[in-house]
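Just below is one structure, and these are the notes that go with it.
The values are calculated or read from the model by the stated rules, or taken from the named source; none is laboratory data. These figures come from a predicted structure and were not determined experimentally. Here the Cβ positions follow ideal geometry from the backbone for every residue, glycine too, while neighbour counts run over all protein chains shown. Please note that ligands, DNA and RNA were not included when accessible areas were found on the heavy atoms of the full protein model with its side chains. Shrake-Rupley method; radii C 1.70, N 1.55, O 1.52, S 1.80 Å.
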Amino acid sequence: LRQKLIDSKKYLNQNKTLSQTDQIFINNLATKYSVATKNRHKVDIINDLLFSVDIIPNSIALAQAANESGWGSSRFATEYNALFGEYTYDIQNGVAPSLRDEGKKHLIKFFPTINDSIQSYFNNINTHKAYDKFRKKRKLLRDNNLQLDPEILVQKLDVYAEDKNYVNTLK
């Protein structure tokens with residue numbers, strides 16, 4: 001998706017227009033990533049999308065999945081395909097943790113497949129306001145032609161869990 005956005009941006013800059021297929025692609029992606037399109041230039045929309053439509057290093061995704069799912073052995077992983085412990089407040093899409101603190105109302109999102117859990121995780125990291133610092137750091141690294149270093153990026157995921165040692169655990 002990212003490469004297609006880059007190609008679309010390049011084409012737009014050269015030709016001052018986009019194909020109808022590219023326009024539909026960009027509008028659909030903007031909807032998925034909650035990027036405003038009304039009264040905005042396509043280049044600005046694409047730039048906003050490039051901020052969010054980007055990779056999460058495999059080592060970070062794997063470390064989070066392993067940690068959040070008890071290496072795949074948790075009840076959420078085995079019964080609900082939930083590898084990343086994503087919170088929800090939607091009773092239609094969540095299950096209550098057995099050891100939830102009194103007064104807490106969060107649920108853990110469940111999924112029909114493991115792939116759905118992974119897609120939700122990527123969408124969560126790439127769109128939720130809580131992970132804006134992660135996306136900003138990733139963009140800064142890209143803008144400076146630096147590697148997307150997991151050791152640097154994981155520092156910005158400290159808000160993912162309540163555990164104060166979460167980042168050190170992931171490292």
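Quick notes on this structure:
- Residue-averaged 222 nm ellipticity for the chain, from DSSP H runs of 4+ at -39500 (n - 2.57), nearest 500: -15500 deg cm²/dmol
- For the set H128, H106, solvent exposure ranked by accessible area (probe 1.4 Å, protein chains only) runs largest to smallest as H128, H106.
- Among L157, L18, L50: highest mean-square fluctuation, GNM of the chain, C-alpha pairs under 10 Å: L18
- Note on K105: accessible area is roughly 150 Å² with a 1.4 Å probe, heavy atoms of protein only.
- Partner lysines whose Cα lies under 23 Å from the Cα of K164, excluding those fewer than 8 positions away in the same chain, are identified as K104, K105, K109, K129, K133, K136, K137, K156.
- Accessible area (Å², 1.4 Å probe, nearest 10) - Y11: 100 Å²
- The three principal axes of the C-alpha atoms in the chain carry coordinate ranges of 57, 36, 26 Å, sorted with the longest axis first.
- Using a cutoff of 8 angstrom between alpha carbon atoms and counting only pairs six or more residues apart, the relative contact order for the chain works out to 18 percent.
- Taking label positions 7 Å along the Cα-Cβ direction at both N47 and T78, the computed distance is 5.1 nm, reported to one decimal.
- Mean separation of Cα contacts under 8 Å (6+ apart) over length of region 78-171, as relative contact order %: 21 percent
- Crossing angle, helix 42-52 versus the chain [Cα axis fit, 0-90 degrees, rounded to tens]: 30 degrees
- Three-way shape call for region 52-138 based on the alpha-carbon gyration tensor, with the a/c threshold at 1.5: prolate
- Each Cα pair under 8 Å and six or more residues apart adds its sequence gap; the mean of these over the residue count of region 22-89 is a relative contact order of 18 percent.
- Mean accessible surface per residue for region 62-171, computed with a 1.4 Å probe while every protein chain stays in place, in Å²: 63 Å²
- Gyration tensor (alpha-carbon) shape descriptor, region 1-56, a/c threshold 1.5: oblate
- Extension gain for K105-I91 works out to 4.0 nm (0.36 nm per residue, less the C-alpha to C-alpha distance).
- In degrees, nearest ten, helix 132-143 long axis to first principal axis of the chain (Cα): 40 degrees
- Percent accessible area from carbon and sulfur atoms, the chain, protein chains only, probe 1.4 Å: 49 percent
- Compared with the dominant Cα axis of the chain, that is its longest principal axis, helix 114-127 is turned about 60°.
- Point-to-point label distance, N115-I6, nm (Cα→Cβ direction, 7 Å offset): 2.5 nm
- Separation of region 92-131 and region 63-82, taken as the distance between their Cα centroids, equals 12 angstrom.
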